[in-house]
Amino acid sequence: MSKDREEVDWSEACWKEMLIDQRKFMWHQDTLDKFAIWLDLVPGMTAVDVGCGLGNLGYIYWHYFGKGGRYFGVDISSKLVQDATEAAKNWATGGEAKFIAGDAYKLPFSDNFANWVMCQTLLMHLEKPELALSEMVRVAKPGGLIMCNEPDNLSSALAKSCWSLPELDIEEEVLLKKVYLICHKGSIKLGRGDDSIGSQVPVMMEKLGLVDIEARLNDKVEFLHPPYEGPQQQNSIYMIKKRILDQSEFWMERTREEFLAGGGDQDEFERYRKLSDKVKLIFQKQLVDGVYTTCGHGFFYVIKGRKPK
C-alpha cells in the first residue's frame, strides 16, 4: 500500500485485527470456485498481490494456481510482510510464496512480469488509485489478468437492511444518509481514500486500455439471528460489539473529522451524535438480551480485465 497524506499503520493491533476478522468469513467457498473458473486460474501462474496485507488473496486462491506457481505479495508495511511470510509457511505448499515491502505506486517488478496482478481493498485507501492501477497493468504480461476487489460502501450505507432495531422517523433517516454522504466527501479530502471506489474501477480499467472487462459482486449476505450459532455468526457478533460498543468513540471521532472536512457543521454533527447514542443504547440492550437480528447485503465488487496482447 502506498503512503498518502494520512498514513495508517495496518500492523498496529486494532487495524491488524480488522484485517484478520473481516476476512475470516468473507467468501463462500463455492463462490471462490466459480470465481476461479471466471478468472481462468490454472496451476503454475505467477501472481502479484498489491497491498497484500497478511496475504489473504494468496491464501484463498492458492488451491487454484499455487501448484508450481509463484505468488508475490507486496505491502508498504514491513511488519505485515514479516507476519505474512510466517503465515504462508502453513498454506503455500507446492509453489513459491514471497512477500516484499514495496510501494503500490512503484512496484518492484519489471514490465510484463506476472500472469495475474491483483489487489483487495487497496485502491479505496489511496490518494492516487489510477496510478496504482497503472502500475498493476505495467507488471502484467500481455494478455495477463488484472483483478481488483473493492467495495462501494456508500451505496451499502444508503441501502436499507432489515434489522430488529425500531424504525427511525423520516427526519432521522435523512440525517443518517446526509452524514454518510458528507463524510464520504470528507474522507477523500482528508486523504483517507474513497471507500466507494468499487463501482468506479471498471471505468478506470477501460481508460487504461484494458480489455474483456467484467464485474461481479460478492454474494455474501450478512444474516444474524439468535442464538448466533456457528463460528461465522459468533465472529460477526464479536466484530459488531467491538466497533459499535468498544470502539464507538474512536469511530465517532473519525466521523466528526470527515463530516466537518466534507462541509458539515458542528451543530448538525451533534444531532447525529445524539441519534447515534440513542440507537447504540437500544442496540446494546438487544445484544445483551440476545434478540438482535439483521439481514442485508453489502456492495463488494470483483472486477477483472486483461492487458491487451
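Throughout, read-outs are computed from the coordinates displayed, never taken from laboratory work. If you're wondering where the values come from, they're calculated on a predicted model, not measured in any experiment. Note that we place each Cβ from the backbone using ideal geometry, even for glycine, and neighbour counts take in every protein chain shown.
What's the total number of residues in region 204-257 that are over 22 Å from the mean Cα position of the chain (by Cα) and aliphatic (A, V, I, L, M)?
So the count comes out to 3.
Considering each of LYS189, LYS274 in turn, give the residue that is among the basic types (Lys, Arg) and without any contact (Cβ under 8 Å) to a residue 60 or more places away in the chain.
Testing whether each residue is among the basic types (Lys, Arg) and without any contact (Cβ under 8 Å) to a residue 60 or more places away in the chain leaves just LYS274.
Just checking, which of LEU154, LEU158 is buried (at least 17 other Cβ atoms within 10 Å of the Cβ) and either touching a residue at least 12 places away in the same chain (Cβ under 8 Å) or closer than 23 Å to PHE259 by Cα (or both)?
LEU154
Could you count how many residues in region 44-60 are free of Cβ contacts under 8 Å to residues at least 60 places away in the same chain, in contact with an Asp or Glu (Cβ under 9 Å, 6 or more places away or on another chain) and in a helix (DSSP H, G or I)?
1
Exactly one of these conditions fails for GLU229: (1) out of contact with any helix residue (DSSP H, G or I) (no Cβ under 6 Å at 6 or more places or on another chain); (2) in contact (Cβ under 8 Å) with a residue 60 or more places away in the chain; (3) under 26 Å from ASP30 (Cα atoms). Give me its number.
The one condition GLU229 does not meet is (2).
Please tell me if LEU41 is assigned to a helix (DSSP H, G or I) and either at positive phi or of a type outside the set (S, T, N, Q) (or both).
The answer is no for LEU41.
Can you go through VAL211, VAL203, VAL174 and tell me which one is closer than 20 Å to ALA36 by Cα and surrounded by fewer than 18 Cβ atoms within 10 Å (Cβ to Cβ)?
The match here is VAL211.
Could you run through region 79-103 and say how many residues are farther than 14 Å from LEU57 by Cβ and in contact with a Ser or Thr (Cβ under 6 Å, 6 or more places away or on another chain)?
3
For region 101-128: of the residues being of a type in the set (Gly, Ala, Ser) and more than 21 Å from VAL302 (Cα to Cα), which is surrounded by the most Cβ atoms within 10 Å (Cβ to Cβ)? Before you say what the answer is, go through the steps one by one.
Residues of region 101-128 that are of a type in the set (Gly, Ala, Ser), as a first pass: 101-102, 104, 110, 114.
When the remaining residues are screened for being more than 21 Å from VAL302 (Cα to Cα), the result is 101-102, 110.
Working: ALA101: 14, GLY102: 23, SER110: 9.
Taking the candidates together, the pick is GLY102.
Go through region 258-307 and report how many residues are assigned to a strand (DSSP E or B) and surrounded by 14 or more Cβ atoms within 10 Å (Cβ to Cβ).
10
When residues of region 247-300 are filtered for being among the basic types (Lys, Arg) and closer than 26 Å to LYS220 by Cβ, how many remain?
Residues flagged as among the basic types (Lys, Arg) and closer than 26 Å to LYS220 by Cβ within region 247-300 amount to 2.
Just the residues that are β-branched (Val, Ile, Thr), touching a Gly at 6+ places or on another chain (Cβ under 8 Å) and surrounded by fewer than 22 Cβ atoms within 10 Å (Cβ to Cβ), please, taken from region 23-74.
Once the filter is applied, which keeps residues that are β-branched (Val, Ile, Thr), touching a Gly at 6+ places or on another chain (Cβ under 8 Å) and surrounded by fewer than 22 Cβ atoms within 10 Å (Cβ to Cβ), region 23-74 yields only THR46.
Anything in region 129-142 that is crowded, with 19+ Cβ neighbours inside 10 Å and assigned to a strand (DSSP E or B)? List them, or say none.
The answer is ALA140, and nothing else.
Identify all residues within region 75-100 that are aromatic (Phe, Trp, Tyr) and surrounded by fewer than 17 Cβ atoms within 10 Å (Cβ to Cβ); write none if there are none.
TRP91
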